[in-house]
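The values are calculated or read from the model by the stated rules, or taken from the named source; none is laboratory data. The structure displayed is predicted, hence computed values, not measured ones. Don't worry about glycine lacking a Cβ; one is built from the backbone with ideal geometry, like all the others, and counts go over all protein chains shown. Note: areas computed on protein heavy atoms with side chains; ligands, DNA, RNA excluded. Shrake-Rupley method; radii C 1.70, N 1.55, O 1.52, S 1.80 Å.
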Amino acid sequence: MEYLGILSSVVLLIWLALRGVNIIFASILCSLVVIVTNGLPIGQALSDYYTFGPLGAFTFAGKFFILFMAGAIFGKVMGESHAAASIALALIRRLGSHRALLITTLACALLTYGGVVVFVVIFAMYPLGLKLLQEANIPKRLFAGAIALGAGTFTLTALPGTPSIHNVISATALGTDLFAGFWEGIAGGALMLIAGLWYLERERKIAIARGEGFVPGPNDKITNPDNHDYPHWVLSSIPLIIVLSCIIAPRILSGLTIFEGENLPSILKFAISQPIIWPSLSLLIGSVAAVIIFSNIRRNTLKVMGEGSHDSIFPLINTAAVIGFGGVVSHTEGFAQFSAWILNVDMPPLLSMFVSVSLASAITGSSSGGLQIFMQTMAPRYLEMGIDVETLHRITTMASGGFDSLPHCGAIVATLAITGMTHKEAYKDVGIITVVIPVITTLLLIFAIS
């Protein structure tokens, strides 16, 4: 009954998400299925596991609220000032409109590999992407796929050295560094990137052949360059450069020899120790810089920033609701029994490890959540089986970023909410990019190593 309850709740959540049912209602309904079938105390499950537990909805919302708000404000300011459109047009003039998906992928990859949180990347790229898509006449569904490829695959789990939370979780739990499993990471990252770009380009050509083009959503505001005086792209880039510099500079400066030991200034210590607050402050600084630079939004500064704050609530709550569902599942006896069972299945250790991480991430709908659960409960046993610690670091990190991205994944929900798309419209492309390609890549690496 416990296993059936967990499985049916996950299937139900995926089905409801694909049907366009409100994800908040869907997550609570499916949490109740888990609670009833697993005999959890309903009061504690709803008020603690779902809301304020380690993977609780409001734990997540409270942790990321400032980041979502700051990201939405920055995106709104860059959009309303036409700075994002100016940068997009400059990129098109130099690289060609047909390369809009490549531009989006590489820009997202650079941002995430530099330490920018995925949600910030989505907010920062969306206003630029709208103009890119309009000029290239590319369907929005492929833009969502390009964001997912650049921000949620190879730079998040595969490339060695990435400061992503996934790489940090593995390094902290195993005592390795962020470059562990270097060659496995390089090979896996290259395969994900090449396969993802091939798929997006193939879909772009198919879309052209059948007359499918860009259709703006009801909340997408795109101005016509013939009717507006756009700022120069260099000027438009300043707020974005300020944001990236503020985020990345502390990591670079902290590596200089003059700041070794106790010589690290307080501001650098704060920046390095605050992976959420510091990027949030950086986004707000960039927003203020944009207001100072662009006179066309100066008179309506408070209105524009207020609208940005409002725009952040919907994607934040939607994402948090799915995380809360994972929080309920992680407290069930069925999940604990599954963890024990998978360790005793007769299969090669690396393959067993892949299945363990993948299913934990799939059930919770969170790669970081699934990876944390694996590291806390199962990783020591796999090390005892003789798996090299660096290989375990890289393979488990990559495995966490596959089946986590089923339709109920919080990051997927956030991406679709921010871009104003439904699962029916965009999930096929996003799913192939974030589930099919990473899973195949990780399995190929496992077979190559074994």
Please specify each residue of the range 1-11 satisfying the condition of being open to solvent by 50 Å² or more (accessible area, probe 1.4 Å) and among the aliphatic types (A, V, I, L, M). Met1, Leu4, Leu7, Val11
For the range 38-58, name all the residues that are in contact (Cβ under 8 Å) with a residue 40 or more places away in the chain and open to solvent by less than 50 Å² (accessible area, probe 1.4 Å). Asn38, Leu40, Ala45, Tyr49, Tyr50, Thr51, Gly53, Leu55, Gly56, Ala57
Residue hits (the range 74-105; open to solvent by less than 10 Å² (accessible area, probe 1.4 Å) and β-branched (Val, Ile, Thr)) are Val77, Thr104, Thr105
Would you mind stating whether Gly71 is in a helix (DSSP H, G or I), in contact with a Leu (Cβ under 8 Å, 6 or more places away or on another chain), of a type outside the set (Val, Ile, Thr) and open to solvent by less than 30 Å² (accessible area, probe 1.4 Å)? yes
Filter result for Leu444 (open to solvent by 10 Å² or more (accessible area, probe 1.4 Å), assigned to a helix (DSSP H, G or I) and within 17 Å of Met347 (Cα to Cα)): yes
If you go through the range 145-193, how many residues are within 16 Å of the chain's Cα centre (by Cα), of a type in the set (A, V, I, L, M, F, W, C) and open to solvent by less than 30 Å² (accessible area, probe 1.4 Å)? 10
Arg299 versus (1) in contact (Cβ under 8 Å) with a residue 40 or more places away in the chain; (2) not in a helix (DSSP H, G or I): which is the lone unmet condition? (1)
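Given the options Ile373, Ile313, Ile297, Ile317, name the one that is of a type in the set (A, V, I, L, M) and farther than 28 Å from Ser164 by Cα. So that I can check it myself, show each step before the final result.
Values: Ile373 fails: farther than 28 Å from Ser164 by Cα; Ile313 fails: farther than 28 Å from Ser164 by Cα; Ile317 fails: farther than 28 Å from Ser164 by Cα.
Going through Ile373, Ile313, Ile297, Ile317 in turn, the sole match is Ile297.
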Please give the number of the condition Ile66 fails out of (1) open to solvent by less than 10 Å² (accessible area, probe 1.4 Å); (2) at pLDDT 80 or above. (1)
Mind checking which pairs have a first residue in the range 272-289 that is closer than 18 Å to Ser237 by Cβ and a second that is open to solvent by 40 Å² or more (accessible area, probe 1.4 Å), Cβ under 6 Å, 6 or more apart or different chains? Gly286/Ile242; Ala289/Ile242
May I ask you to list pairs of residues, at least six apart or on different chains, whose Cβ atoms are under 7 Å apart, with the first in the range 428-445 being in contact (Cβ under 8 Å) with a residue 12 or more places away in the chain and the second being open to solvent by 20 Å² or more (accessible area, probe 1.4 Å) and not in a helix (DSSP H, G or I)? Val435/Leu406
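Identify, from the list Ser366, Ser330, Ser358, Ser339, the residue that is modelled with pLDDT under 80 and in contact with a Gly (Cβ under 9 Å, 6 or more places away or on another chain). Walk me through it before giving the result.
Working: Ser330 fails: modelled with pLDDT under 80; Ser358 fails: modelled with pLDDT under 80; Ser339 fails: in contact with a Gly (Cβ under 9 Å, 6 or more places away or on another chain).
The match here is Ser366.
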Could you please give the count of residues in the range 306-336 that are part of a helix (DSSP H, G or I), crowded, with 20+ Cβ neighbours inside 10 Å and of a type in the set (Val, Ile, Thr)? 5
Residue list for the range 337-351, restricted to those being surrounded by fewer than 20 Cβ atoms within 10 Å (Cβ to Cβ) and in contact (Cβ under 8 Å) with a residue 24 or more places away in the chain: Gln337, Phe338, Ser339, Ile342, Leu343, Pro348, Pro349, Leu351
For the range 370-402, which positions are open to solvent by 10 Å² or more (accessible area, probe 1.4 Å), assigned to a loop (DSSP other than H, G, I, E, B) and aliphatic (A, V, I, L, M)? Met385, Ile387
Quick one: is Ala90 closer than 28 Å to Ile277 by Cα, of a type in the set (A, V, I, L, M, F, W, C) and in contact (Cβ under 8 Å) with a residue 40 or more places away in the chain? no
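Given Leu110, Leu106, which one is assigned to a helix (DSSP H, G or I), modelled with pLDDT of 80 or more and out of contact with any Gly (no Cβ under 6 Å at 6 or more places or on another chain)?
Working: Leu110 fails: modelled with pLDDT of 80 or more.
Result: Leu106 is the single residue among Leu110, Leu106 that is assigned to a helix (DSSP H, G or I), modelled with pLDDT of 80 or more and out of contact with any Gly (no Cβ under 6 Å at 6 or more places or on another chain).
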Taking the residues in the range 1-59 that are part of a helix (DSSP H, G or I) and of a type in the set (D, E, K, R) as candidates, determine which candidate is nearest to the chain's Cα centre (by Cα). Asp48
